[in-house]
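Trainee: Questions regarding the structure given below will be posed in turn.
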Amino acid sequence: MRTLLSAMLLFLMYSQLYSVEIKGRVIDERYFPVPNVSVTSPGGGGDKTDTNGNFVLNIESTPYDIYMFDYSGNTGIVYRGLSTQTPDLMLFGLATSRNINTEMLKIEFPVIQPGRSAIIKYISDDVFSCEDVFASAGDRMKVLTVIFPAHKTRLNGKVIYLEKTATSFDKFTEATITVIKEGYPQTVIFDSMTVKQNPGESYITVYPPSFAFDTKGFSVYGDFLSQHRNAEMTFNSTDGDIISTKVIVPLTLPYAYRLKVEGRGGFKKGEHYVNYTYSYPGSSLNIPTETAPKLDAPQDKYWGVSNNTQFAWDWGSGTGIYVVHFHAFNPVGDFYVVTREKSVTFPKGASAGMLDGNEYSWNVEKHLTYTSVDDFVKPKQFSNDLGYKAILTSELRTFRINPF
């Protein structure tokens, strides 16, 4: 009886100690789920993500910090000051070829006539990635590379074919196709009998920032609200010190079509920004000017950093959260700190070996517009972003722990 009572008391104590259940997900910068990532919270145990990137933690209370470690990529991240119980946590760093299917689609179409070109892309409402392919006069075949999560055996979607002249878009067609994992190379044929639509023509007038950046430019995309956020087509990409320009765009396309305008500006020292604004055919749009965070301390090429060294920066423009990136050169490793604060201590001791070595670089990204880290990791309710977004990147500095 005494043993049973003791067990019940221990169970009640554990339930009170770990009273908050966190059900989260880890995704990469393409919004793909990331399996086999270790997720822990101080005092709250740990878990490893499943094939869908999901994990479960039981923690003592909120706010809390979450650490993620991808040992295969030697990358670690800490998210600080979370309160949400359902976070979508982004694993920063370059996308890799792990945990994905890569399938090829052969696209055949009538030979493109002189003075014409075409944009070809695969789109889906499920998780996928596919770069635009551009065809020129004389082309009659192109190959699309379609990427989707490794645990899926097939992906339903459509191939979009959009043909234009120098002054108008006048041929749009699509073909439904299921991409099969490890299937034979599949072929999509748009022949002379394929039904085509005329998407009409319109313009968007773009006004880049007048500020004297060393480099600046913009791109205009067709964005499809009902599809996955990777479903967009590139209509125009321009770099240079342009005052304003008119970009030809289709008047109508299916799938809740709108325009996504990417603005870019940067300086020779490395500070730069990218922002995204949404509009519609026939509109005029001013690309906002943003200011990246300025690094305060330590100075560049600083020797003698320790676990107590403060890394600090100023606010930069807008309302957002900061992603501080520490990179170790030898052995190679990366560690990110996601925070609302303007400084962090050197996280070598918390990096689980990702920051071993002696020589490092660091910089800061500010992600707009977010009022808190909770806001940044909030699961997206829609396929695509609906409001203004931007990433402002500071210069890159280097430092050492020891002089040699």
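The values are calculated or read from the model by the stated rules, or taken from the named source; none is laboratory data. All figures in this text were calculated on a predicted structure; none of them were measured in a lab. FYI the Cβ positions are ideal-geometry reconstructions off the backbone, even for glycines, and counts take in every protein chain you see.
Trainee: Taking the condition crowded, with 16+ Cβ neighbours inside 10 Å, modelled with pLDDT of 95 or more, out of contact with any helix residue (DSSP H, G or I) (no Cβ under 9 Å at 6 or more places or on another chain) and of a type in the set (Asp, Glu), does Glu262 pass? Steps first, answer last, please.
Mentor: Values: crowded, with 16+ Cβ neighbours inside 10 Å: yes; modelled with pLDDT of 95 or more: yes; out of contact with any helix residue (DSSP H, G or I) (no Cβ under 9 Å at 6 or more places or on another chain): yes; of a type in the set (Asp, Glu): yes.
For Glu262, the condition - crowded, with 16+ Cβ neighbours inside 10 Å, modelled with pLDDT of 95 or more, out of contact with any helix residue (DSSP H, G or I) (no Cβ under 9 Å at 6 or more places or on another chain) and of a type in the set (Asp, Glu) - is met.
Trainee: As an exercise: evaluate Thr205 against (1) in a loop (DSSP other than H, G, I, E, B); (2) more than 30 Å from Asn101 (Cα to Cα) and give the number of the one condition it does not meet.
Mentor: Among (1) in a loop (DSSP other than H, G, I, E, B); (2) more than 30 Å from Asn101 (Cα to Cα), Thr205 violates only (1).
Trainee: Just to check your reading of the model, which residue among Phe376, Phe382 is at pLDDT below 95 and under 20 Å from Gly24 (Cα atoms)?
Mentor: Numbers: Phe376 fails: at pLDDT below 95.
Just a single option satisfies the conditions, and that option is Phe382.
Trainee: Here is a follow-up. Kindly provide the set of residues from the stretch 124-144 that are β-branched (Val, Ile, Thr) and more than 18 Å from Glu29 (Cα to Cα), ordered by number. Talk me through it step by step, then tell me what you get.
Mentor: Initially, the stretch 124-144 is screened for residues β-branched (Val, Ile, Thr), giving 127, 133, 143.
Correct list: Val133, Val143.
Trainee: Right, something else. If you scan the stretch 55-76, which residues turn out to be without any contact (Cβ under 8 Å) to a residue 40 or more places away in the chain, in a strand (DSSP E or B) and within 20 Å of Gly93 (Cβ to Cβ)?
Mentor: Passing the criteria: Phe55, Asp65, Asp70.
Trainee: Within the stretch 233-245, track down each residue that is surrounded by fewer than 20 Cβ atoms within 10 Å (Cβ to Cβ) and in a strand (DSSP E or B).
Mentor: Narrowing the stretch 233-245 to residues surrounded by fewer than 20 Cβ atoms within 10 Å (Cβ to Cβ): 234, 236-245.
Those that are surrounded by fewer than 20 Cβ atoms within 10 Å (Cβ to Cβ) and in a strand (DSSP E or B): Thr234, Asn236, Ser237, Thr238, Asp239, Thr245.
Trainee: Among residues belonging to the stretch 137-172 that are farther than 17 Å from Gln227 by Cβ and among the hydroxyl-bearing types (Ser, Thr, Tyr), point out the one that is surrounded by the fewest Cβ atoms within 10 Å (Cβ to Cβ).
Mentor: Of everything passing the filter in the stretch 137-172, Thr167 is surrounded by the fewest Cβ atoms within 10 Å (Cβ to Cβ).
Trainee: Separate question: Quick one: count up the residues across the stretch 302-353 that are among the hydroxyl-bearing types (Ser, Thr, Tyr), farther than 18 Å from Lys366 by Cα and part of a loop (DSSP other than H, G, I, E, B).
Mentor: 3
Trainee: On to the next question. So which residues in the stretch 79-102 are surrounded by fewer than 21 Cβ atoms within 10 Å (Cβ to Cβ) and either of a type in the set (A, V, I, L, M) or over 18 Å from the mean Cα position of the chain (by Cα) (or both)?
Mentor: From the stretch 79-102, those surrounded by fewer than 21 Cβ atoms within 10 Å (Cβ to Cβ) are 80-81, 83-86, 88, 92-102; that's our starting set.
Within the stretch 79-102, Arg80, Gly81, Ser83, Thr84, Gln85, Thr86, Leu94, Ala95, Ile100, Asn101, Thr102 meet the criteria.
Trainee: In the stretch 103-115, what count of residues is obtained for those that are buried (at least 18 other Cβ atoms within 10 Å of the Cβ), in contact with a Ser or Thr (Cβ under 8 Å, 6 or more places away or on another chain) and not in a strand (DSSP E or B)?
Mentor: Qualifying residue count, the stretch 103-115: 0.
Trainee: Further question: If we only count strands (runs of 3 or more DSSP E) wholly inside the stretch 356-404, which ones have 2 or more residues that are under 19 Å from the mean Cα position of the chain (by Cα) and in contact (Cβ under 8 Å) with a residue 40 or more places away in the chain? Lay out the reasoning, then the answer.
Mentor: On the way: elements: 359-368, 389-393, 397-400.
Where strands (runs of 3 or more DSSP E) fall fully within the stretch 356-404 and carry at least 2 residues being under 19 Å from the mean Cα position of the chain (by Cα) and in contact (Cβ under 8 Å) with a residue 40 or more places away in the chain, they are 359-368, 389-393.
Residue by residue, here is whether (1) part of a strand (DSSP E or B); (2) free of Cβ contacts under 8 Å to residues at least 12 places away in the same chain; (3) under 19 Å from the mean Cα position of the chain (by Cα) holds:
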{"site": "Val247", "(1), (2), (3)": "yes, no, no"}
{"site": "Thr252", "(1), (2), (3)": "no, no, no"}
{"site": "Arg258", "(1), (2), (3)": "yes, no, no"}
{"site": "Gly263", "(1), (2), (3)": "yes, no, yes"}
{"site": "Tyr276", "(1), (2), (3)": "yes, no, yes"}
{"site": "Pro281", "(1), (2), (3)": "no, no, no"}
